[in-house]
1. Hey, quick one: spin label on B:Glu131, modelled 7 Å out along Cα-Cβ, who in the stretch B:49-64 has an amide N within reach, i.e. under 19 Å?
2. With r defined as the distance between the Cβ atoms of B:Ala108 and A:Glu139 and R0 fixed at 51 Å, what FRET efficiency is calculated, to the nearest 0.05?
3. Using only helices, what value at 222 nm comes out for the protein assembly as shown when you add -39,500 (n - 2.57) per DSSP H run of length 4 or more and divide by the total residues, to the nearest 500 deg cm²/dmol?
4. Going by C-beta contacts inside 10 Å, put B:Arg10, A:Arg31 in order with the fewest on the left.
5. Using a 10 Å cut-off on Cβ to Cβ distances, tally the other chain neighbours for every residue of A:29-40 and report the average as a whole number.
6. Roughly what angle does helix B:78-90 make with the longest principal axis of chain B, taking Cα atoms, 0 to 90 degrees, to the nearest 10?
7. Give the calculated FRET efficiency between A:Lys50 and B:Phe71 to the nearest 0.05, with a Förster radius of 30 Å applied to their Cβ-Cβ distance.
8. Between A:Lys14 and the same site in the other copies, what are the distances in nm, shortest first, taking label points 7 Å from Cα along the C-beta direction?
Number of protein chains: 2
Amino acid sequence: MKYCSACGARVSLKTPRDDNRQRYVCDACDRVHYQNPLIVVGCVAERDGKVLLCKRAIEPRYGYWTVPAGFMELGETVAGGAARETLEEALATVELGHLFAMVDVVDAGQVHLFFTGRLSGDYGVGEETLEVGLFAEDEIPWDEIAFQSGKFALQKYFEDRGADNGVHIHELRRSPS
Amino acid sequence: MKYCSACGARVSLKTPRDDNRQRYVCDACDRVHYQNPLIVVGCVAERDGKVLLCKRAIEPRYGYWTVPAGFMELGETVAGGAARETLEEALATVELGHLFAMVDVVDAGQVHLFFTGRLSGDYGVGEETLEVGLFAEDEIPWDEIAFQSGKFALQKYFEDRGADNGVHIHELRRSPS
């Protein structure tokens, strides 16, 4: 961030009065531009003991498998976002269950929230997807799962076997180099 | 948003290629400026059946009572943010329990996440706080609670009586006027 999105002047990193962190503050209009974590919403959608996975047609992790997930948008709920992503990526309508996994992806500034879901109709290949399939636990391509957060969600989903054991929480940080 | 934070040129609302929503896009460098929901993290901290509330010393809702809560920051986990807010607003150290409430504050573009907590030491009056107190369920000033999300969290907290019943999810939207 170099310029104020409100007035177009330069911004500087400084700690505003009554704050304890550095923020981007406009040199001209004094507006403070906060930067905060983003929410990614996803769904593990099941039918007959098998879960829906999508092979990604976009970077990052092109060609790897993922549960339907993406950035939550303004104007929707967390659950609504999880259902929307499932519709967009796998053309699938789900009856959402409960929130069962939360992953703090600290270094990326993201929180990933996963719902259970029941696949209620057909599915297909969305625009950001190469291929969609239903996988039993022993059929999942564990070494080709796109993101660690989705892998965690899938593992906990099968451990729970449909029971609501509250939210499994996991923290991901880059390994110290 | 009127100006690109990267290059300072004007932005326009348009739907980028491969997208299905209007975004602010820079007229000069084509950068897309996404706007997404923010996370508020809070904690219902208990000792001996009483929960910790803070009387707000800041707007909005100056003088009303709240559970410790605030915007999640980059570099922390959801749980870490809940503990930090409790420390900042009530000078209290908590042993965090489980995630038990999630409130979609749709029109504000916020998701509020609440943890249970056990107050492990003393507490005091933080900079954004006028007064701090411990309240049993029948002592809580229900009509003077600052935010509906915090009221929902307190209600569910006492309904659960410490049990982990998963996450209670609630959706708040402005009433149609």
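1. Once the point is set 7 Å along Cα→Cβ of B:Glu131, B:50-64 turn out to lie under 19 Å by backbone N, inside the stretch B:49-64.
2. 0.75
3. Mean residue ellipticity, 222 nm, calculated: -4500 deg cm²/dmol.
4. By the 10 Å Cβ count, ascending: B:Arg10, A:Arg31.
5. 4
6. Here the helix axis deviates by roughly 60 degrees.
7. In this case the efficiency is close to 0.15.
8. So the label point of A:Lys14 gives 3.6 nm to the other copies.
Any read-out appearing in this document is the output of simple, stated calculations on the displayed coordinates, not a laboratory observation. All figures in this text were calculated on a predicted structure; none of them were measured in a lab. Neighbour counts run over all protein chains shown; Cβ positions are idealised from the backbone, glycine included.
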